[in-house]
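A quick write-up on the structure given underneath.
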Amino acid sequence: MKKMIIAVLMIAVFCVLTLPAQDASARAGVMLSHYATRNFITGAIPQADLNAIVQAAVRAPSASNRQPWFFTVVQNFELAKKIVPQTVEGNALIIISAENAATREIIDCALATQNIYLAAQALGYGSRIYTGPIENLNRTLKTELGLPASRNAVALVRIGRIEGNVDAASAASPRKAAAETVTYK
């Protein structure tokens, strides 16, 4: 499942990166300068910003417009720490889940996950996608999160404040060059 989510995210980024150079920077903005935040600082996220991020999620594309996703926004600090122990005060976790999560639903949820991740960064917050805690979340925390038995979490995005002097160039993990991963026929 992790590999599938990563593959969908890579396809979306590839689509933007293959735009003509003069159009890519104008159209892509945060997509070309994003990075997965590791160092969050304390501070609450205003409800209006969380609402805007969730609106970006519900507008993600999905196969046959089925929109199979559900979003659970966790703002309770103690509950968030049970899911992602590195959570700091004020972080929000958005859990993306689906009924009967098969391949199509997982791909659709991955697209919504990316929208959350990028919308948070477009609003000036740090964001990081997690799939590691999902198995434990589905096994032990569904009731506490209010997830029905028929619904499973697929991914989650941690959102929070970051220091103002952090940027994609200094904080991002190294990326492979397109020449290493792209074949044109």
The FRET efficiency for residue 143 and residue 178, from their Cβ-Cβ distance with R0 = 41 Å and rounded to 0.05, is 0.40
About the Cα centre of segment 120-163, what is the dipole size in debye to 20, counting +1 per Lys and Arg Cβ and -1 per Asp and Glu Cβ, all else neutral?
60 debye
Once the piece of chain linking residue 44 and residue 99 is laid out straight, how much longer is it, given 0.36 nm per residue of separation minus the C-alpha distance between them?
16.7 nm
Just from the alpha-carbon atoms, what are the Rg and Dmax of segment 107-146 in angstroms?
12.5, 33
Would you list, by chain and number, the aspartates and glutamates whose Cα falls below 20 Å from the Cα of residue 176, excluding same-chain residues fewer than 8 positions away?
167
Of all chymotrypsin sites (Phe, Trp or Tyr not before Pro) in segment 83-185, the ones in DSSP coil with at most 15 other Cβ atoms within 10 Å are 184
Sort 78-88, 151-161, 41-51 by packing, meaning the average of other beta carbons within 10 Å per residue, with the highest value first.
151-161, 78-88, 41-51
Within the under-15-Å Cβ sphere about residue 93, not counting residue 93, Lys/Arg +1 and Asp/Glu -1 give a net charge of +2
Loop-resident chymotrypsin sites (Phe, Trp or Tyr not before Pro) in segment 38-101 with no more than 10 other Cβ atoms inside 10 Å, DSSP not H/G/I/E/B, are none
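A short reminder: the numbers here are calculations on the coordinates, not readings from a lab. Quick caveat, the model's predicted, so the values are computed rather than measured. Counting neighbours? That spans all protein chains shown, and the Cβs are built from the backbone with ideal geometry, glycine included.
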